[in-house]
Amino acid sequence: MNMEDAIATAEDIDISQESDKKALWEHEQLAQVRIKVIKAHSASVNSCEFYDNDQKILTCSEDKTVKCFNADDGLCIKTYKTKHKETISEARGTPDRSRFVTSSLDKAVHCYDAETGKMHWSGIHAGMVLCCRVSNNGRLVASGSDLDNCLKVWDTHTGQVIHSIEDLHSSSITSVMFAPDDDKVITTSMDRRTMFFDLKTRKVTITLEGHINIVSCCDMTKDERRFATGAWDKNMCIWDIATGTYRSKGPVRLSAAHEGSITCCKFSPDGGMLVSGSCDNNLVVWDMENEIQKIKLQGHSGWVEDVCFSQDQRWLMSCARDQTVRLWNIEDSDKIPIVLEKKRAVGVKIQKCEQCGKPFSLAQLEDHSDITKCVFCRVHSSDLYLQNMKSGLSENET
């Protein structure tokens, strides 16, 4: 690493506290899910996460910057002008909040100091680095690439490569994560497979094959009872890894909710909910106890790139190609009726939305005269990048 690159300058980090950069509330009065919108990046926002006990937000973008926000008001605290020469695909912070790691299409993985913006170390893949993740104990970093389809595991503090497994998959690695105990690294790939790589034995212990298109994302509950994969086949698959019943029965499929390829997914901290994001610009929150759709969230005008829950589960965060980060207040989501024939309550009026065609309940509205759209279709959405996203979606599905 060039020592000049390791020195933070005034051009590397920008501390901004401009009031006009605060998050804006963007929802209608009748909306049962309130929305905060953060608009600070100048290009697609590719990853987002809560950290520092839900007090801050870390994002990265196609504009080659990483930003830190106050979660409460959406104020941009810091903008890190990274050394990457191409799009940053993912940025993840360490549990102690002292550092963050980035991956990029310029084939590099960087580790930065969160306070000063100084780059601690830089590593290289042979191909574009599509994903990265920090271990739960903060000691390791995993990254996956295309071309050589390589999984690399790095020491967070020194940048030393601990594992380098080329051709782990037969195509590009699309996402990577550590198991809750940090004993395995899990990867998904364009080859439609998901693999569990054991860090002690250096062997693949589990290979999952159940999707008919690119597997784009995965997540696991903290108790390791449920494992989820999302794919371009528009399905979420739930695998019972703990008991191994997936070997005989296969996964449980959650389908018919997204009209576009699924791009990201995340379990809630207690494992009771799962959220998926898609190229249809929507998010779906799934009730894992009943394995059914809980709510659909509409508002983005570009592909949803990343999703996550706050630790208190009051907020759901998403980022997208429309250059925005959205915070959805879901603390009252249990009060939103699940629209299913077998769950329809007596006295609840069900109406078909004229925009999305889905049935919705009018039970909780004080005055529902002249309401022809469901609450989510009535949520204001920007038409920014709409035409570009539509054309991109058409190309993706062909």
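The values are calculated or read from the model by the stated rules, or taken from the named source; none is laboratory data. Predicted model only: the values in this text are computed from it and were never measured. All Cβ positions, glycine included, derive from the backbone under ideal geometry; neighbour counts span all protein chains shown.
Run down LYS335, LYS342 and say which single residue is at pLDDT below 95 and farther than 20 Å from GLN32 by Cα.
Going through LYS335, LYS342 in turn, the sole match is LYS342.
If we scan segment 196-204, do we find a residue that is more than 21 Å from ASP146 (Cα to Cα) and among the polar types (S, T, N, Q)?
Yes - at least one qualifying residue is present in segment 196-204.
Filter segment 180-207 down to the residues that are more than 21 Å from the chain's Cα centre (by Cα) and buried (at least 21 other Cβ atoms within 10 Å of the Cβ) and list them by number.
PHE197
Do you know which residues across segment 281-297 are buried (at least 19 other Cβ atoms within 10 Å of the Cβ) and assigned to a loop (DSSP other than H, G, I, E, B)?
Passing the criteria: ASN281, ASN282, MET288.
Considering only segment 77-91, how many residues are under 21 Å from MET317 (Cβ atoms) and surrounded by fewer than 23 Cβ atoms within 10 Å (Cβ to Cβ)?
4
Could you go through segment 115-124 and let me know if any residue there is free of Cβ contacts under 8 Å to residues at least 60 places away in the same chain, surrounded by 24 or more Cβ atoms within 10 Å (Cβ to Cβ) and closer than 20 Å to LEU58 by Cα.
no
Which residue out of THR94, THR87, THR65, THR59 is among the hydroxyl-bearing types (Ser, Thr, Tyr), out of contact with any Gly (no Cβ under 8 Å at 6 or more places or on another chain) and farther than 21 Å from GLY277 by Cα?
THR65
Show me the strands (runs of 3 or more DSSP E) found entirely inside segment 186-235 where at least 3 residues are in contact (Cβ under 8 Å) with a residue 24 or more places away in the chain and under 21 Å from PHE309 (Cα atoms).
Correct list: 215-220, 227-231.
Mind listing whichever residues of segment 74-106 are closer than 13 Å to VAL325 by Cβ and either at pLDDT below 95 or of a type outside the set (Gly, Ala, Ser) (or both)?
Correct list: GLY74, LEU75, CYS76.
Of all residues in segment 239-280, count the ones that are in a strand (DSSP E or B) and buried (at least 20 other Cβ atoms within 10 Å of the Cβ).
14
Please pick out the residue among ILE238, ILE262 that is modelled with pLDDT of 95 or more and under 14 Å from the mean Cα position of the chain (by Cα).
Values: ILE238 fails: under 14 Å from the mean Cα position of the chain (by Cα).
Of the residues listed, the single one that is modelled with pLDDT of 95 or more and under 14 Å from the mean Cα position of the chain (by Cα) is ILE262.
Return the residues of segment 162-185 that are under 27 Å from CYS237 (Cα atoms), among the polar types (S, T, N, Q) and in a strand (DSSP E or B); say none if nothing qualifies.
Once the filter is applied, which keeps residues that are under 27 Å from CYS237 (Cα atoms), among the polar types (S, T, N, Q) and in a strand (DSSP E or B), segment 162-185 yields THR174, SER175.
Give just the number: which of (1) more than 18 Å from ASP306 (Cβ to Cβ); (2) outside any strand (DSSP E or B) does ASP63 not satisfy?
Of everything listed in (1) more than 18 Å from ASP306 (Cβ to Cβ); (2) outside any strand (DSSP E or B), ASP63 misses just condition (1).
Can you pull out the residues in segment 108-161 that are part of a strand (DSSP E or B) and of a type in the set (D, E, K, R)?
ASP113, ARG133, LYS152, ASP155
If a residue must be in contact with a Cys (Cβ under 9 Å, 6 or more places away or on another chain), more than 21 Å from PHE178 (Cβ to Cβ) and part of a strand (DSSP E or B), how many such residues does segment 66-101 contain?
Adding up the residues that qualify gives 9.
Test SER145 against the stated conditions and say whether it is within 17 Å of the chain's Cα centre (by Cα) and of a type outside the set (Phe, Trp, Tyr). Lay out the reasoning, then the answer.
Values: within 17 Å of the chain's Cα centre (by Cα): no; of a type outside the set (Phe, Trp, Tyr): yes.
So SER145 does not fit the description; no.
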